Every structure is written in structure tokens, then in C-alpha cells.
1. Any idea what the relative contact order of the chain is, in percent, if you count C-alpha pairs under 8 Å spaced at least 6 apart?
2. Between Ser197 and Phe119, with labels modelled 7 Å along Cα→Cβ, what's the label distance in nm to one decimal, could you check?
3. Would you mind counting up the charge near Gly83? Only other residues with Cβ under 12 Å from its Cβ, with Lys and Arg at +1 and Asp and Glu at -1.
4. Using a Gaussian network model of the chain with C-alpha springs under 10 Å, which one of Asn167, Asn192, Asn117 is most mobile by mean-square fluctuation?
5. So, in Å, what gap is there between the alpha-carbon centers of the range 211-231 and the range 122-146?
6. For the chain, compute Rh as the Kirkwood radius over C-alpha pairs and then the Stokes-Einstein diffusion coefficient at 37 °C and 0.692 mPa s; write the answer in µm²/s, rounded to an integer.
7. Name the residues of the range 204-225 whose amide N is less than 18 Å from a point 7 angstrom out from the Cα of Val181 along the C-beta direction?
8. Just order 207-219, 74-86, 118-130 by mean Cβ neighbour count inside 10 Å, highest at the front, would you?
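Read the figures in this text as sums done on the coordinates, not as results from a lab. Predicted model only: the values in this text are computed from it and were never measured. Reconstructed Cβ throughout: ideal geometry from the backbone, glycine too, with neighbour counts over all protein chains shown.
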Amino acid sequence: GAFALTEPSVGSDAASVKSRAVLSPCGKYYILNGSKIWCSGGGIADIFTTFAQTEVVDPKTGEKKDKMTAFIVERGFGGVTTGPPESKMGLKCSVTTDVYYDDVKVPVENVLGEVGNGFKVAVNILNSGRFGLTAMLTGTMRTCIQKAAEHVTTRVQFKRKLKDFENVQEKLAKMAMHHYVAQTLTYMVAGNMDKGSTDYHLEAAITKIFGTEAGWYVCDEAIQLLGGNGY
């Protein structure tokens, strides 16, 4: 499946998406129109978790408001098309594309959660993705540390192995420290989720920030330790 939230004019302000789903007169389906960008897996997915504005009536005041709702949209519904894969610096394994919805008929049964509660659904999914990214990066960091350690224990310069130079030891120690903290944060968030915690958005955000910065640091240091071979 694919996650379709971001739009050309809407980035971090997720609640302000312009895509719109209108309930049909018969009340059996929504008519969805709009477009999304940077849709992870969009080029190969048959199912899209899609977010759009819907009209919601306040039961107390009768006032009509637009609130975001989450939908499970299938490519087979018709009217769903995707653009070419984006050319990216990283995450090459994810086929990231634009997604377009043109009068797509989405059954009311395909509302994910409750009507008007899409923002909460989106945030929960994003929280999982934030700590999941760091989980992937801990593996990347571990590999970089292993490669660097193998190199410095065999490479001889100035009649000494690189591992015997104190500045090299310091680099490896700091690389291991960054990896350990990132991995610990990931386990902490995963543990909270497994215990049924529903309030871990702050921890997930911190984990993503630290994990990405730590990943960059460790990878760069590994390149430096391997010298020309690192490049």
C-alpha cells in the first residue's frame, strides 16, 4: 500500500489538504478529487491511504465544517492515476510518485476511522514512520561501523595500524555512541507502542531528528576513516 497525504500546496500543515471527498446523494460512496505528491510506493501500490476534506455537521450547533477524513482507496476503483517515479538522492527502494484522483467513487465502508478524524489517523501513521526511519538507520550505522572497524584494524600507515591512532579510536567511539543512542531511542518508542501507549508523538519526533543526524554523522565518519576507499 501507499501513503498519500502531502499535496503541492500543503506540506507540514497536513490538516489543510485541498483534496476533497463529497458524499453522493445516495449516501453509498464518496466522490474523491484531488492530487498528492511524494506518495511513497505510489508507482506500484494498488491501495492508497488517502486524506481529503469532507463536510462534517456539528451535532450540537448544526454548523457545517470541513474536516479531514482518511480513506482506503483502491486503484481498481477507477479514476486513480500516478505520475512517473521521482528522482531522489536516497530511499531508492521506495517508488515515490504523484497520485491523481479524478471523480473516484470510494465506498463509505472505506472510511478509515471516523469521518472528520483523518488528522489523528495521519499523525498516528506518521509517528510510526518517524521511529521506523531511525530503526532502518541503526542498521545502516551498524554496517558503517563494521566496515570502518575492519578497515582500521588491517590498514597500516606510518608503520602503525590505523586503530592504534588515538584520533581514530575517538572517531569509532563516537560513532558507536551515536548508534547506541539511536538504537535505544528506537527500542524505547517501540516498547511504548507495544504496551499500548497512544501518546508517543514527542518521542517519535525526537527519535527521527536524532536518528537522521546520527546516521549522517556515522556515515560521514566511516567515509573519512576509509579514505579514498570510502568514496
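1. Across the chain, relative contact order equals 17 percent.
2. So the label points at Ser197 and Phe119 sit 2.4 nm apart.
3. Combined, the nearby Lys, Arg, Asp and Glu give -1.
4. Asn167
5. Centre-to-centre distance over Cα atoms comes out at 17 Å.
6. 161
7. 204-222
8. Working: 207-219: 19.7, 74-86: 15.2, 118-130: 17.8.
Listed from highest to lowest mean packing, they are 207-219, 118-130, 74-86.
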